[in-house]
Structure formats: C-alpha cells, structure tokens
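Beneath this line is the structure, given in structure tokens, with notes to follow.
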Ligand SMILES: Nc1ncnc2c1ncn2[C@@H]1O[C@H](COP(=O)(O)OP(=O)(O)OP(=O)(O)O)[C@@H](O)[C@H]1O
Ligand SMILES: [Mg+2]
C-alpha cells in the first residue's frame, strides 16, 4: 500500500533523514520510534507532501505520490504534531471547512458522522481554543479521518493525554486498523505492543530496527524502555562506568578517609 523508498532530507548541512525505507499495508499499525530529533516528524511531512525529499520516493499503490499529488493526498489522513487547529473556530465549523477544502460531497453527513465517531457532538459548537487537550486532539483526529483515508499518519496522537483519553485513542486506532494502514509516532513505548503489529526505530534519520514489537522486546533489556536505550546509546553504555562501580570506588575512598580520620 505505502512504500517509502530510500528517502533523504537535509536542512542546510544537516541530514534529518538518511536513506529511509519501509512499507505499511492495510491492517498494519506501525509504531514509529526514535529519540527527539530522530527525524520522525520530518519523515511524516515527506509522506504527507508538506516537504519534498532530496532523494528517494514515496509510492501509494505503486503510484509515485510526486506524479499524483492530489490523488495521493485524498488517500492520506494526517494528524500533525501538536495539532495546529484554527482556535477560534468551533469543531463543527472547522470540520466543515476541512470537508469543503477536500472537496467532499455530503459535507453535512460526513461532518456529523465524524463528530459522532469521535464523541464530539456535545462540544461541537464550542470554540476550539477553550477545549481541553483531549478534545483538541480528538478534533485533530476527526479532520484526519473526515475523508475516510486508507492511510493514517498520526504524529504522537496520545501525547499529553490523561490515561482515560489515551485508552480511548488507542481503542479508536485499533478499531480503525482493520481497514487502514496506520503509522503512529510515539514516545510511550508501552503503547507499541498494545496497538502496533510492527515497529520501526530510527536514530539520526537512519533506520536502526525494523520488526514486530515482540522481536523488539526480545533484544537485550528487560523492558521496552531498556531495549530502546540499548538501541540508541549502545556506545555510551559501554564507555561509561556503571553506577555500582563508581559507588564502590567512592565507598572505598570513604573507608580510606574514615580510616585516616583522627579518632
Ligand atoms: N524546517 C526545519 N529546518 C531546519 N531543521 C529542521 C526543520 N525541521 C526539522 N529540523 C531538524 O531535523 C531534525 C529532525 O526533526 P524531527 O522533528 O523530524 O524529529 P522527531 O523525531 O520528530 O523529534 P521529536 O520526537 O522531538 O518530535 C531535528 O534536528 C530538527 O531540529
Ligand atoms: Mg516529532
């Protein structure tokens, strides 16, 4: 369905993505992981055509998105990082506007469906700026879903949400996954085995792991946070002395000090 082939993107001399390739199919939920600044958002912006790659290509159903920009945009729903919304619009007006810009038919019906699906009916006439973070995120998800896209790109969809809202968003993603190809970036590693069937870890714009959450967990480390640290900072770990060792040295010194101290 979606094939990302060897994409690279630099900002000046800085290479934000470096020959990145991966694939997602209908039914896949791919967890897109990596430390801050790894290049996740930049990759998502390339796939959604907000940025042009310096090299490489993105194909949807074997068609290069550069050859069918409008057609491919209609197949993708995108929830950007931080959800930039028109704050003085109500959810209803904002979604109506998005539906119009997308050239959808049956605008009223589409807006109402998505308001119901995301449990937004109650607040549909409230200005977005006065909504809670959870509601704002749901309005962002609603605009990503309004045209029923086959591919969903969600940049940190559960960031900053309370546990209940996180649960609701994950449930929604699981329900949607049967009919869509979904990519979600997240820093919440526990989320990955819960909602994803595959994951991709990048660092400095390069792929450093691709596989299932179970395969990721099988690597060194007791939990996903440890595995993640092992992947990202293996060299630092080898060179640093362990805290236990430094503690021992300290206590040795302290004993010496104590021994030498006058009674
Ligand atoms: N428009 C831009 N101009 C210059 N540098 C940029 C631009 N956009 C991103 N970068 C740089 O590219 C790198 C990758 O950024 P990106 O936002 O893709 O990371 P990320 O993996 O999404 O990080 P985070 O987890 O913090 O969201 C960073 O060093 C960032 O500063
Ligand atoms: Mg980001």
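Within the range 14-29, is there a residue that is part of a loop (DSSP other than H, G, I, E, B), under 16 Å from residue 152 (Cα atoms), within 13 Å of ligand 1 (Cβ to nearest atom) and in contact (Cβ under 8 Å) with a residue 40 or more places away in the chain? No, the conditions are met nowhere in the range 14-29.
Would you call residue 154 crowded, with 19+ Cβ neighbours inside 10 Å and in contact (Cβ under 8 Å) with a residue 40 or more places away in the chain? Against the criterion (crowded, with 19+ Cβ neighbours inside 10 Å and in contact (Cβ under 8 Å) with a residue 40 or more places away in the chain), residue 154 qualifies.
In the range 45-94, the qualifying residues are those that are farther than 25 Å from residue 15 by Cβ and within 16 Å of ligand 2 (Cβ to nearest atom), and the one that is surrounded by the fewest Cβ atoms within 10 Å (Cβ to Cβ) is 84. Considering (1) within 16 Å of ligand 2 (Cβ to nearest atom); (2) over 18 Å from the mean Cα position of the chain (by Cα), the lone condition that residue 38 does not fulfil carries the number (2). Here residue 7 meets the list (1) in a loop (DSSP other than H, G, I, E, B); (2) away from ligand 2 (no atom under 13 Å from the Cβ) almost entirely, failing just condition (1). Considering each residue of the range 205-228 in turn, none proves to be modelled with pLDDT of 90 or more, within 30 Å of residue 136 (Cα to Cα), in contact with a helix residue (DSSP H, G or I) (Cβ under 8 Å, 6 or more places away or on another chain) and part of a strand (DSSP E or B). Of all residues in the range 43-54, none that is within 12 Å of residue 69 (Cα to Cα) has its Cβ atom under 8 Å from the Cβ atom of a residue that is assigned to a loop (DSSP other than H, G, I, E, B) and within 10 Å of ligand 1 (Cβ to nearest atom), 6 or more apart or on another chain. For the range 157-167, the candidate set comprises residues that are surrounded by 16 or more Cβ atoms within 10 Å (Cβ to Cβ) and assigned to a helix (DSSP H, G or I); within that set, the residue that is nearest to ligand 1 (Cβ to nearest atom) is 166. Candidates are the residues of the range 31-43 that are surrounded by 24 or more Cβ atoms within 10 Å (Cβ to Cβ) and closer than 18 Å to residue 158 by Cα; the one that is farthest from ligand 1 (Cβ to nearest atom) is 31.
The values are calculated or read from the model by the stated rules, or taken from the named source; none is laboratory data. For clarity, every value in this text was computed on a predicted model and none was experimentally measured. Cβ coordinates were reconstructed from backbone atoms using ideal geometry, including for glycine residues, and neighbour counts include every protein chain displayed.
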